[in-house]
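The values are calculated or read from the model by the stated rules, or taken from the named source; none is laboratory data. On a predicted model such as this, the values are computed, not experimentally measured, just so you know. So basically every Cβ, Gly included, is an ideal-geometry build from the backbone, and we count neighbours across all protein chains shown.
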Amino acid sequence: MVIVHSPRCLEYSAPGHPERPERILTAAAELEESPHTWLVPEPCPEADILRVHTAAMLRDVQIGHYEDVDTPHFTNIYELARLSAGSAILAAEQALAGTPAFSLMRPPGHHAEHNRVMGFCYFNNVAIAVAKLLAENKARHIAILDFDCHHGNGTEAIFRGDDHVLFVSLHQSPCYPNTGLVSLENCVNFPLPPRTGPAEFLHAIDDALAKIRTFAPDLLAVSAGFDMHEDDPITDMALDAETYREVGRRIAALRLPSFIVLEGGYANAFADCVATFVDGWESP
Ligand code: ZN
């Protein structure tokens with residue numbers, strides 16, 4: 001698997017914030033223990049962002065003109081958010097060229113809506129990559145699988161009603177942001193009760209993958225969050241790192257061109273979860 005990563009994503013932090021640079025630093029160190037091809041992304045052009053976000057929001061991220069208590073402003077965040085989106089695009093292009101690719105970057109993206117910064121997310125990385133491939137006719141049908149513990153409200157809002165996209169999300173409910181309770185149009189939601197364990201979660205993953213198989217996409221985008229781990233400090237689920245090995249194995253078994261974009265995951269076990277997911281993907 002190709003790992004798309006720039007150490008520049010470590011260049012912002014807020015004291016006490018769970019979305020901290022150490023997450024990525026430790027995950028990168030674990031992935032370096034196995035042979036992978038590493039690629040360095042470039043910040044994406046504004047035109048790519050403007051397919052899914054408004055010009056007003058883009059400007060607000062530049063100058064810090066937004067209100068979300070979870071999502072602080074940093075002087076360099078506009079460039080680093082463009083770098084994270086550029087990384088998702090590079091991962092998607094690798095997938096189309098035949099190699100699965102994992103964008104190991106921050107900030108995450110799946111809560112960012114069309115016109116709203118939200119939940120540690122500035123620009124919606126996976127949505128920017130998917131919208132670009134569709135606009136450029138590089139893919140006609142793309143499925144997005146989101147297994148972050150929190151519902152990908154931004155991705156759902158951006159693609160709801162778009163027949164070229166299937167959005168499938170598994171998430172804890174009730175939990176922030178308290179969306180994704182029912183399935184709507186092209187958006188299929190699997191709300192899971194708190195304390196869901198490995199067996200029930202993998203059963204839900206199988207149901208989600210069956211929906212994707214039926215949709216028969218040209219490409220699969222994965223919003224990968226690892227915050228269903230039992231030790232995660234901001235959620236209440238009961239997976240372990242080994243569960244993510246099985247998640248990787250089962251998604252890879254679809255044999256679709258695929259790219260993965262990192263979302264959340266805040267436990268000390270985060271790096272293990274990422275490494276076992278990648279290992280499971282590569283060892284079917
Ligand atoms: Zn999350």
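Mind checking whether some residue in the range 109-125 is acidic (Asp, Glu), more than 17 Å from the chain's Cα centre (by Cα) and more than 28 Å from Gly248 (Cβ to Cβ)?
First, the residues of the range 109-125 that are acidic (Asp, Glu): 113.
If we keep only those that are more than 17 Å from the chain's Cα centre (by Cα) as well, we get none.
The answer is no, given that none of the residues of the range 109-125 is acidic (Asp, Glu), more than 17 Å from the chain's Cα centre (by Cα) and more than 28 Å from Gly248 (Cβ to Cβ).
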Practice problem: May I ask you to verify whether His53 is within 16 Å of the ligand (Cβ to nearest atom), at pLDDT 95 or above and outside any helix (DSSP H, G or I)? | Solution: no
Practice problem: State yes or no: is Pro217 away from the ligand (no atom under 12 Å from the Cβ), in a loop (DSSP other than H, G, I, E, B) and either touching a helix residue (DSSP H, G or I) at 6+ places or on another chain (Cβ under 7 Å) or modelled with pLDDT of 95 or more (or both)? | Solution: yes
Quiz item: What pairs can you find where one residue is in the range 112-123 and farther than 13 Å from Ala157 by Cβ and aliphatic (A, V, I, L, M), the other is at pLDDT 95 or above and within 15 Å of the ligand (Cβ to nearest atom), and their Cβ atoms are less than 7 Å apart, with a gap of 6+ or different chains?
Solution: Val117/Thr71
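Residues of the range 259-273 being away from the ligand (no atom under 13 Å from the Cβ) and over 14 Å from Asp232 (Cα atoms), which ones?
Within the range 259-273, the first condition is being away from the ligand (no atom under 13 Å from the Cβ), and the residues that meet it are 259-260, 268-269, 271-272.
Those that are away from the ligand (no atom under 13 Å from the Cβ) and over 14 Å from Asp232 (Cα atoms): Phe259, Ile260.
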Quiz item: List pairs: first in the range 53-66 and closer than 18 Å to Pro43 by Cα, second assigned to a loop (DSSP other than H, G, I, E, B) and aliphatic (A, V, I, L, M), Cβ under 9 Å, 6+ apart or cross-chain?
Solution: His53/Ala112; Met57/Ala112; Met57/Val117; Leu58/Leu50; Asp60/Val117; Val61/Val117
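More than 16 Å from the ligand (Cβ to nearest atom), closer than 25 Å to Arg106 by Cα and free of Cβ contacts under 8 Å to residues at least 60 places away in the same chain: which single residue out of Leu166, Leu181 fits that description?
Details: Leu181 fails: closer than 25 Å to Arg106 by Cα.
Among Leu166, Leu181, only Leu166 is more than 16 Å from the ligand (Cβ to nearest atom), closer than 25 Å to Arg106 by Cα and free of Cβ contacts under 8 Å to residues at least 60 places away in the same chain.
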Quiz item: Any idea how many residues of the range 257-270 are over 17 Å from the mean Cα position of the chain (by Cα) and closer than 22 Å to Met1 by Cα?
Solution: 1
Quiz item: Does Val126 satisfy the condition of being at pLDDT 95 or above, in a loop (DSSP other than H, G, I, E, B), among the β-branched types (Val, Ile, Thr) and crowded, with 24+ Cβ neighbours inside 10 Å?
Solution: no
Exercise. Could you grab me the full set of residues in the range 62-117 that are touching an Asp or Glu at 6+ places or on another chain (Cβ under 8 Å) and within 16 Å of the ligand (Cβ to nearest atom)?
Key: Arg106, Pro107, Pro108, Gly109, His110, Val117
Practice problem: Output yes when any residue across the range 193-209 is away from the ligand (no atom under 15 Å from the Cβ), modelled with pLDDT of 95 or more and buried (at least 24 other Cβ atoms within 10 Å of the Cβ), and no when none is. | Solution: no
Quiz item: Lys138 passes all but one of (1) more than 25 Å from Ile3 (Cα to Cα); (2) charged (D, E, K, R); (3) in a loop (DSSP other than H, G, I, E, B); which number fails?
Solution: (1)
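Name the one entry in Val52, Val4, Val69 that is buried (at least 22 other Cβ atoms within 10 Å of the Cβ), farther than 30 Å from Ala275 by Cα and either of a type in the set (A, V, I, L, M) or more than 20 Å from the chain's Cα centre (by Cα) (or both).
Sole residue among the options that is buried (at least 22 other Cβ atoms within 10 Å of the Cβ), farther than 30 Å from Ala275 by Cα and either of a type in the set (A, V, I, L, M) or more than 20 Å from the chain's Cα centre (by Cα) (or both): Val52.
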Exercise. Starting from residues that are touching a helix residue (DSSP H, G or I) at 6+ places or on another chain (Cβ under 9 Å) and within 16 Å of the ligand (Cβ to nearest atom), keep the ones in the range 136-154 and report whichever is nearest to Phe201 (Cα to Cα).
Key: Phe147
